[in-house]
């Protein structure tokens, strides 16, 4: 007798309504950055875009700039995602983080585990995957969950 099939994993439900928050999106590939930025803006977020880690860090030197969450690629030229995020978190320790990568999470070691307030979202992702992940991570931060 064949074993019963495993139930399909539950898919995240699309969010309804709009969200609030400022997202610093750091992605070196322009089409991916445009896709992600549009998805987040349609969801109600204010999106600040940077094409590299150095630009993101430069933006964050403005003490009046409020950012709720970093959404960043892991593998980028010059400085990778975990490196710049660790540097940024030294001044902004409560900022939430979503790392995205086309590589498997374990391909870059335990880097994301060493970064507080972070989760991993594999590429390719859908508009819904991205917005649900950002929403959930912001909610974790608001609830004080690391």
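Remarks
- Residue among 125, 120 that alone is assigned to a strand (DSSP E or B) and either modelled with pLDDT of 90 or more or within 21 Å of residue 28 (Cβ to Cβ) (or both): 120
- For residue 115, the conditions (1) surrounded by 18 or more Cβ atoms within 10 Å (Cβ to Cβ); (2) more than 24 Å from residue 30 (Cβ to Cβ); (3) modelled with pLDDT of 95 or more all hold with the exception of (3).
- When 51, 62, 68 are checked against the criterion of being exposed (fewer than 14 other Cβ atoms within 10 Å of the Cβ), closer than 18 Å to residue 26 by Cβ and at pLDDT 95 or above, 62 stands alone in meeting it.
- Across the stretch 118-143, the qualifying residues are those that are over 17 Å from residue 18 (Cα atoms) and touching a residue at least 60 places away in the same chain (Cβ under 8 Å), and the one among them that is surrounded by the fewest Cβ atoms within 10 Å (Cβ to Cβ) is 123.
- Within the stretch 15-46, considering residues that are in contact with a helix residue (DSSP H, G or I) (Cβ under 7 Å, 6 or more places away or on another chain) and surrounded by fewer than 19 Cβ atoms within 10 Å (Cβ to Cβ), the one farthest from residue 133 (Cα to Cα): 19
- Residue among 56, 88 that is under 23 Å from residue 31 (Cβ atoms), in a helix (DSSP H, G or I) and touching a residue at least 12 places away in the same chain (Cβ under 8 Å): 56
- Across the stretch 74-91, the qualifying residues are those that are in contact with a strand residue (DSSP E or B) (Cβ under 9 Å, 6 or more places away or on another chain) and at pLDDT 95 or above, and the one among them that is nearest to residue 130 (Cα to Cα) is 85.
The values are calculated or read from the model by the stated rules, or taken from the named source; none is laboratory data. The model shown is predicted, which means the values in this text are computed figures rather than measured ones. Cβ: placed from backbone, ideal geometry, glycine included. Neighbour counts: every protein chain shown.
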